[in-house]
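Read the structure below first, then the notes.
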There are 2 protein chains.
Amino acid sequence: MELKVQPLRIKAGKYKIVLNPEDAKELGVRSGDRVQLKDHSYLTAIVETGDMIAKGDVGVYQECCERLGKVCPLVINIVPTSKPSSISFIKKMMDNQKLTQEEIYQIIQDIVRENLTDIEMAAFVTTSYIHGMSADEIEWLTRAMIDTGEKIEFDTHPIVDKHSIGGVPGNKISLLVVPIIAANDLLIPKTSSRAITGAAGTADLMGVLAPVELSADEIKYITERVGGVIAWGGATNIAPADDKLIRSEYPLSIDPRSQLLASIIAKKGAVGADYVVIDLPTGIGTKIPTADEGKRLARDLIELGERLGISVECAMTYGASPVGRTVGPAIEVREALKVLETMQGPNSLIEKSTGLAGILLEMVGVATRGHGKELAMETLRSGKALTKLKEIIEAQGGNPNITHTDIKPGEYRGELLSPVDGYVIEFDNKRIVEIARAAGSPIDIGAGVWINKKKGELVKKGEPLITIFADKDWKLTNALKSAEKEYPMIVEGMVLEHIRPLQVL
Amino acid sequence: MELKVQPLRIKAGKYKIVLNPEDAKELGVRSGDRVQLKDHSYLTAIVETGDMIAKGDVGVYQECCERLGKVCPLVINIVPTSKPSSISFIKKMMDNQKLTQEEIYQIIQDIVRENLTDIEMAAFVTTSYIHGMSADEIEWLTRAMIDTGEKIEFDTHPIVDKHSIGGVPGNKISLLVVPIIAANDLLIPKTSSRAITGAAGTADLMGVLAPVELSADEIKYITERVGGVIAWGGATNIAPADDKLIRSEYPLSIDPRSQLLASIIAKKGAVGADYVVIDLPTGIGTKIPTADEGKRLARDLIELGERLGISVECAMTYGASPVGRTVGPAIEVREALKVLETMQGPNSLIEKSTGLAGILLEMVGVATRGHGKELAMETLRSGKALTKLKEIIEAQGGNPNITHTDIKPGEYRGELLSPVDGYVIEFDNKRIVEIARAAGSPIDIGAGVWINKKKGELVKKGEPLITIFADKDWKLTNALKSAEKEYPMIVEGMVLEHIRPLQVL
């Protein structure tokens, strides 16, 4: 069918067109079906239908227009075409049948190429969540995620890496672990993420110190030159399927085990990692509520690593309380830098960072078993880690002379005071994150929450429990309101809710 | 956040807006999240993000613009808001927990109100497909489907109805069943569907004789006046959730059992039916491949009917071969009318129609058990059914004087000839439908396939197996090509494929 092009000047995220319902009927296609656009080249597009497109016209979204050439042709010829075979493979999964390696590759390739609609993507992640995948399937999924993206091939090995599955606020340890490792002459090309539902991801933190939007080539070059890098993975094309899957998982608040495993190992496999330590924050309010679940996840990660030729070790860490006392980009970086500069700072941060770094040092054989943490602590104490971080900052294009006092928290500040004397007996990670986000984290880098009193600590009536920082006045107000509405911690003896008779109007 | 409105003049099917990615970050929302639009009224909309919307602007889709008033306000205030609780109920289903009646109602209400995104809808139908639902849940689903739509309340009872789950081509029996029943002084307010993947639905057939886009009030009025109606359900707001669910199921080619059951019974419940006969075409190439599955489905339908106070009986019918010899709107109507006028026509059509009508007559007690078919046959033979159909046609606004010879098949015709002498030993329903659709069915009413030779019949070499009709020349060519590429039937002894040495170029 020959139709007149109406460029829509809207991005659809996919190759999409809009047909008048009558033309769609005439063509025998429905919303979600595929058509081929015959022009100079052949292009498959997903159909929407809508009255706003006149009969005889075709609405063409931005991506399609761009593929058709700088100036959209005036008339294109459209013919129906079949669905990608991926959809029958997803159906096969729904029917609880195992997939072959080729079938999984095909699904992941279609996801990366934006060939699947939201409905099809959602069916895939929902089915993955419900039925899970076998160990073979997860291996193939991991390989497919690696092979459908960019890879970094280092000339020198070993390559080491570190990952945290997240779920604990204030987890700024990569700012310490990466320089400790690199200072011991190992290569650690760390890619990291920005916060999606959290208050600050590692990429948000490093972004305070230096540009993090590095290409795969830049990551390779900087790692080879100074030993380490802390880049934002989203700026590369490494394992791109992961981000696209997250777009479908996020609205459903699900994280299928198969994808959790595959995405971690794929990102490490794609940078050629030989040794990887994985931080599994465990405890109430984290992604892993119990030690048993942590052990199961660790075993799965280790086994998947083996299948890919990557040596993986996992560390279950205490996740029920934040790491250190800060949550939010600037104040977290300030806390981490101060530790690097002065060894002054929260024990939870120093212990966790050197613990994780120590495991890596032992895995590679730089330290003997049982002595990794010692070496990590020594690297930190001697100032070698700080020197290394400055080299990394400079290599990424930041200012290496920055010190922790240069980093200013947001200018608007407010406190949440304890209503009574007593011990902090309950602490709610999720509320801390919500308050930090209400204050503007991670987009406003000065925004965040300083935790004055952690679980188990004694507080006097009227003393601050938390201090909230914000770059904007109205966001401080929002965050304070949020904190006062539901306290992020409970002080023993505190009245939780005061219920009065209804006021007479 | 105050944003300047850019009306997009595009329908999204839902209340949707587009934000610049930076504004979205600032607001702390992502694609798929919800915001409230504060204006004269409050309105919840789903967020998309896109670069084509400038910072400080908000792209507003058609439906939202319309809700905001005839002229979109220049500036609107947007605040993030939480997801509908339905999403946590869908998550609960994924985790294989049972839902309460209120939770199911909430999901269906959000579906009807277009509050769920494609991703959320797909998660619901995928989970329904994988986990299924308990009998209680299916009952609540059915009640929710009824209660979220329009209902017809008749003053006189009983109300009877007939439904076919489809899957067999040429199933024009409603054109006979409805007038037979109404001629026996029963009320049968039949709503029906248009073909989605088939060649002609009952609504497509009746559309050849009279308007079928009737409102619920018109359906009630006509039924009370002449005893029966054959309307298109899509023009009413009866059980509207069903159509919206189908939009998510169709791209995945799934039909969850819970929805199949609920949608049939909900549509009958909504018109107040007391007695319903359900046709279950069974056999290779239908929706029910084996008799065991047919019996299971029948039991489920009967049980669900009981829960809703509807007396249901099911008829498993032979579905491996078309009903009658015609597939496609005009030629099917012509075949059915000819039977009504002359009792001349295929046995499969006469037997099935009177069989189904007979069951209904027995259920209500108009005929004693074992004598319903006799009465139905008599109603047909006496011409009472034809008279009644003419009354129905006239009441719906059609021409009651129409006879079968007035109905012309498409003017372009082609034949598929038998390559050998022999018996038709295999017959492929799906291919017949594909050929009819390629010829233009159901949108071109003259298009269709006349089946010259059915399964078991003897054919001579060179005799036509099927005759294809089309309203358009190019569609006839397409249909013939499709038929020749893969024959819809196999004549014993026929060469299925001729493989020659590759031609030397």
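The values are calculated or read from the model by the stated rules, or taken from the named source; none is laboratory data. Every value quoted in this text rests on a predicted model; they were computed, and no experiment measured them. When we count neighbours, we look across all protein chains shown, and the Cβ atoms used for this are built from the backbone with ideal geometry, even at glycine.
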May I ask you to list the residues in segment A:2-56 that are assigned to a loop (DSSP other than H, G, I, E, B), in contact with a strand residue (DSSP E or B) (Cβ under 7 Å, 6 or more places away or on another chain), within 20 Å of A:L116 (Cα to Cα) and of a type in the set (V, I, T)? A:V29
Between a first residue in segment B:340-361 that is free of Cβ contacts under 8 Å to residues at least 40 places away in the same chain and a second residue that is among the polar types (S, T, N, Q) and outside any helix (DSSP H, G or I), which pairs have beta carbons less than 8 Å apart while being 6 or more apart in sequence or on different chains? B:S348/B:S321
I want to confirm something. Restricting to segment B:221-274 and keeping residues that are among the aromatic types (F, W, Y) and under 14 Å from the mean Cα position of the chain (by Cα), which single residue is nearest to the other protein chains (Cβ to nearest Cβ)? B:Y250
Within segment B:112-121, take every residue that is in a helix (DSSP H, G or I) and over 22 Å from the mean Cα position of the chain (by Cα) and give me the one that is farthest from A:I87 (Cα to Cα). B:E120
So for segment B:100-111 (the condition being assigned to a helix (DSSP H, G or I), away from every other protein chain (no Cβ under 12 Å), surrounded by fewer than 20 Cβ atoms within 10 Å (Cβ to Cβ) and among the charged types (D, E, K, R)), does at least one residue qualify? yes
Do we have B:T81 as crowded, with 20+ Cβ neighbours inside 10 Å and either in contact (Cβ under 8 Å) with a residue 40 or more places away in the chain or outside the structural domain of B:K25 (by TED's automatic domain parsing) (or both) here? no
Within segment A:122-138, is there a residue that is acidic (D, E) and over 30 Å from A:A385 (Cβ atoms)? yes
Of these, B:R437, B:R500, which one is more than 21 Å from B:P329 (Cβ to Cβ) and modelled with pLDDT under 95? B:R500
B:T202 passes all but one of (1) within 12 Å of the chain's Cα centre (by Cα); (2) farther than 19 Å from B:V271 by Cβ; which number fails? (2)
Output the residue which, of all residues in segment A:431-445 that are within 14 Å of chain B (Cβ to nearest Cβ) and part of a helix (DSSP H, G or I), is nearest to A:G166 (Cα to Cα). A:V433
Residue check, B:V339 against (1) of a type outside the set (S, T, Y); (2) touching a Phe, Trp or Tyr at 6+ places or on another chain (Cβ under 8 Å); (3) more than 14 Å from every other protein chain (Cβ to nearest Cβ), all met but one. Which one? (2)
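Is there a residue in segment A:397-404 that is modelled with pLDDT of 95 or more, over 25 Å from A:A195 (Cα atoms) and either out of contact with any Phe, Trp or Tyr (no Cβ under 8 Å at 6 or more places or on another chain) or aromatic (F, W, Y) (or both)? Explain how you work it out, then say what you get.
Of segment A:397-404, the ones modelled with pLDDT of 95 or more are A:397-404.
Among the residues that remain, those that are also over 25 Å from A:A195 (Cα atoms) are: A:401.
Right, trim to either out of contact with any Phe, Trp or Tyr (no Cβ under 8 Å at 6 or more places or on another chain) or aromatic (F, W, Y) (or both) and you get A:401.
Scanning segment A:397-404 turns up at least one residue that is modelled with pLDDT of 95 or more, over 25 Å from A:A195 (Cα atoms) and either out of contact with any Phe, Trp or Tyr (no Cβ under 8 Å at 6 or more places or on another chain) or aromatic (F, W, Y) (or both).
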Working only within segment A:281-297, note down all residues that are under 19 Å from the mean Cα position of the chain (by Cα) and of a type in the set (A, V, I, L, M). A:I288, A:L297
Answer residue from segment A:223-238, given it is touching a residue at least 60 places away in the same chain (Cβ under 8 Å) and in contact with a Lys or Arg (Cβ under 8 Å, 6 or more places away or on another chain) and is nearest to B:S86 (Cα to Cα) among those: A:I238
For residues that are of a type in the set (D, E) and assigned to a loop (DSSP other than H, G, I, E, B), scanning just segment B:122-162, find the one that is nearest to the other protein chains (Cβ to nearest Cβ). B:E150
Count - residues of segment A:372-392 that are surrounded by fewer than 17 Cβ atoms within 10 Å (Cβ to Cβ) and not charged (D, E, K, R): 3
Of the residues A:A195, A:A203, which is buried (at least 23 other Cβ atoms within 10 Å of the Cβ) and not assigned by TED's automatic domain parsing to the domain that holds A:G448? A:A203
Filter result (under 21 Å from A:A336 (Cβ atoms) and not in a loop (DSSP other than H, G, I, E, B)) within segment A:450-469: A:W450, A:I451, A:I466, A:T467, A:I468, A:F469
Segment A:1-24: number of residues that are within 11 Å of chain B (Cβ to nearest Cβ) and free of Cβ contacts under 8 Å to residues at least 60 places away in the same chain: 11
With touching a residue at least 12 places away in the same chain (Cβ under 8 Å), crowded, with 18+ Cβ neighbours inside 10 Å and in the same structural domain as B:K388 (by TED's automatic domain parsing) as the only criterion, which of B:A210, B:A241, B:A298, B:A262 stands out? B:A210
Among residues of segment B:33-59 being at the interface with chain A (Cβ under 8 Å from one of its Cβ atoms) and at pLDDT below 85, the residue nearest to B:P7 (Cα to Cα) is B:M52
Go over the candidates A:K373, A:K388, A:K338 one by one and state the one that is out of contact with any strand residue (DSSP E or B) (no Cβ under 8 Å at 6 or more places or on another chain) and under 28 Å from A:G446 (Cα atoms). A:K338
Taking segment A:65-99, which residues are assigned to a loop (DSSP other than H, G, I, E, B), more than 11 Å from every other protein chain (Cβ to nearest Cβ) and over 17 Å from A:Y15 (Cα atoms)? A:L74, A:S85, A:Q97, A:K98, A:L99
(1) surrounded by fewer than 19 Cβ atoms within 10 Å (Cβ to Cβ); (2) assigned by TED's automatic domain parsing to the domain that holds A:S382; (3) closer than 29 Å to A:G207 by Cα all hold for A:S253 apart from (2)
Only listed residue being within 26 Å of the chain's Cα centre (by Cα), more than 30 Å from B:E484 (Cβ to Cβ) and surrounded by 20 or more Cβ atoms within 10 Å (Cβ to Cβ), chosen from B:A439, B:A395: B:A395
Might you check whether a residue that is more than 22 Å from A:V491 (Cα to Cα) and outside the structural domain of A:A320 (by TED's automatic domain parsing) occurs anywhere in segment A:416-431? no
Consider only pairs whose beta carbons are under 7 Å apart and that are at least six residues apart or on different chains; among these, list those whose first residue lies in segment A:420-449 and is at positive phi and whose second residue is surrounded by fewer than 19 Cβ atoms within 10 Å (Cβ to Cβ) and polar (S, T, N, Q). none
